[in-house]
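Peer 1: Could you have a look at this structure, given as structure tokens, before my questions?
Derivation of every value follows stated rules applied to the coordinates shown; laboratory data play no part. Everything numeric in this text was worked out from a predicted model, so none of it was measured. Here Cβ is always computed from backbone atoms with ideal geometry, including for glycine, and neighbour counts include all displayed protein chains.
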Amino acid sequence: MALNPISARVRNYDVRQMGIPVSSLSDEALLAGYASGDRELAVAFIRRFQSRVYGVALAVLGDPTGAEDVAQQAFERAWRHGSTYDARRGSVGTWLAAITRNLAIDTTRVRKADPIEVDALLAALPAGPNEPETKALEAESSREITRALRLLPTDQARAIVLAGMLGMSASQVAAAESIPLGTAKTRIRTAMGRLRSSLRYEHLAEHSND
Amino acid sequence: MTDYTRSDSHPETLAEMALGVLDPEERTSVLTHLASCPACREELLELSAVADRIAAQAPPAEPPAGFEDRVLARIDSQILGGTSALPRNRWERADRRTYKASGSRRSVSWKHLAAVAAAAALLLGAGAAIGSAATGTSSTVASDTTGGWSASLLVGPSGPVGRVFFDSDGHPWMSMGISASQVGTLRCELVSPAGKVIVLGTFQVTSQGGYWATYIPVSARGANTVRLVDTSGKMVATATMK
């Protein structure tokens, strides 16, 4: 990752003055600083998450201008509602992704189907978040969900990518895949049930090793 | 609950609801059902957690240059335009704070950053960053009577091992730094004078030390003792908040 010019600009102040780089602060601490109104920590927070937030918006909207507007709205919402973040429900990155997805879906209900894009998204899955700031815990969480997605039959995985990442409704999935609406609904429901079971199993397995 | 083949009496669209892709009419129907069905509410919560993790798997993409400036400008306009329900001084501009921090008017964000800075300083062994250096005889090392923050020593069996900073302004929160003498996973608990224990969460202490911050839930109001407990249940440090 390129050198963050902000770090140099604020190095003479407070946390930075003592040699603690902003990048070493946890996601939760950065969010607290952002939501409480600290401008330097806000810049660091936005820079840490902007590619993930923008990526979620772009996946749903498929339009860079619309995606930027939604990404901005998502950061504004995170600033307003930072105090409602609950670490027990997921990482800061996941929380931001959910905010962004919901805003993006509300923005457009007429997303065009692009089957090639679905294949590309499925192929890109194993990578997961790989930025230096990404916490080990979040990386593990990412591996769990991608592993679970890869265990799904292809038609169900496609339905989940279309609905879960591109924000398509069941009828849009049906049109994109040239299948009946009932089949699309069944694929989404069955796949979500399997993912939930897989993740629950991973969670139990993880704790049985404690 | 684990069976996703549901009976007719329960909606089959909870997965679509969790993914946020259900059309408004169907959503209304599901919401009506949820009002009287705890099992479906629980299932929706679980499916929503899955849906959120799926959304987070979208490939990252760099936004156009200057994105963060536009986000900050957007938030500035919310505050200055008076459309925000938040206090206007919530967003403290860096330049103003840098030059006025030593004055009588300390902003909330200044206090927050001071707490973070002090906790961070501890990790480097820089000693007390706020107020006078602690001697170990008094657990509270500094406080700000005009605001809501205070700093206390985290004391282990053989002496001080870190500090905890508490800010009661707005949404109360606390941050703490602990030395590398307690490497491993620590659970943070708040204890009320009546003995009620509220678990706030866990964090890792590495060979570089540990730093953690969290909001304090309403249920923990009145609690005045912070406890850090290791995975075996042994209390490794405690601090008393003013």
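Peer 1: Per residue of the stretch B:63-70, what does 6.51 cos²θ - 1.76 cosθ + 1.60 with θ = phi - 60° give for ³J(HN,Hα)? Whole Hz please, x for Gly and Pro, Karplus curve as stated.
Peer 2: Residue by residue, the stretch B:63-70 yields x, x, 4, x, 4, 5, 5, 5 Hz.
Peer 1: Then there's this: How big is the Kirkwood radius of the stretch A:139-180, worked out from every pair of different alpha carbons and given in Å to one decimal?
Peer 2: Values: mean 1/r = 0.0916 Å⁻¹.
Every distinct Cα pair counted, the radius reaches 10.9 Å.
Peer 1: Magnitude of the Cβ-charge dipole of the stretch A:52-100, K/R +1 and D/E -1, about the Cα centre, nearest 20 debye?
Peer 2: That gives a dipole near 300 debye.
Peer 1: Next question. As a footprinting exposure proxy, order B:Cys188, B:Cys37 by other Cβ within 10 Å, with the fewest listed first.
Peer 2: Going from sparsest to densest Cβ surroundings: B:Cys37, B:Cys188.
Peer 1: Still on this structure: Remind me, relative contact order of the stretch A:6-108 in percent, using alpha carbon pairs under 8 angstrom and six or more residues apart?
Peer 2: 26 percent
Peer 1: Distance between Cα centroids, the stretch A:40-94 to the stretch B:210-224: provide it in whole Å.
Peer 2: The distance from the Cα centre of the stretch A:40-94 to that of the stretch B:210-224 comes to 25 Å.
Peer 1: A further question follows. Please give the average number of partner chain Cβ atoms lying within 10 Å of the Cβ of each residue in A:61-67, rounded to a whole number.
Peer 2: 1
Peer 1: Taking all pairs of distinct Cα atoms, average 1/r, flip it, and tell me the Kirkwood hydrodynamic radius of the stretch A:6-108 in Å to one decimal place.
Peer 2: Answer for the stretch A:6-108: a Kirkwood hydrodynamic radius of 14.1 Å.
Peer 1: Could you work out how far apart the two model spin labels at A:Arg150 and B:Ala180 are, taking each label as a point 7 Å from the Cα in the direction of the beta carbon, and quote it in nm?
Peer 2: Simple spin-label model gives 3.5 nm for this pair.
Peer 1: For B:Ser207, A:Ser26, what's the fewest-to-most ordering of other Cβ within 10 Å of each Cβ?
Peer 2: B:Ser207, A:Ser26
Peer 1: Shifting gears a bit: Which stretch or stretches of the stretch A:65-96 have amide N atoms under 16 Å from the point lying 7 Å from B:Lys196's Cα along the Cα→Cβ direction?
Peer 2: Flagged as within label range: none.
Peer 1: Fewest Cβ neighbours within 10 Å first, please rank B:Ser152, A:Ser178, A:Ser197 accordingly.
Peer 2: Details: B:Ser152 27, A:Ser178 8, A:Ser197 16.
Lowest to highest Cβ neighbour count: A:Ser178, A:Ser197, B:Ser152.
Peer 1: Label points 7 Å out from Cα along the Cβ direction at B:Ala65 and A:Tyr201: separation in nm?
Peer 2: The modelled label-to-label distance comes out at 4.9 nm.
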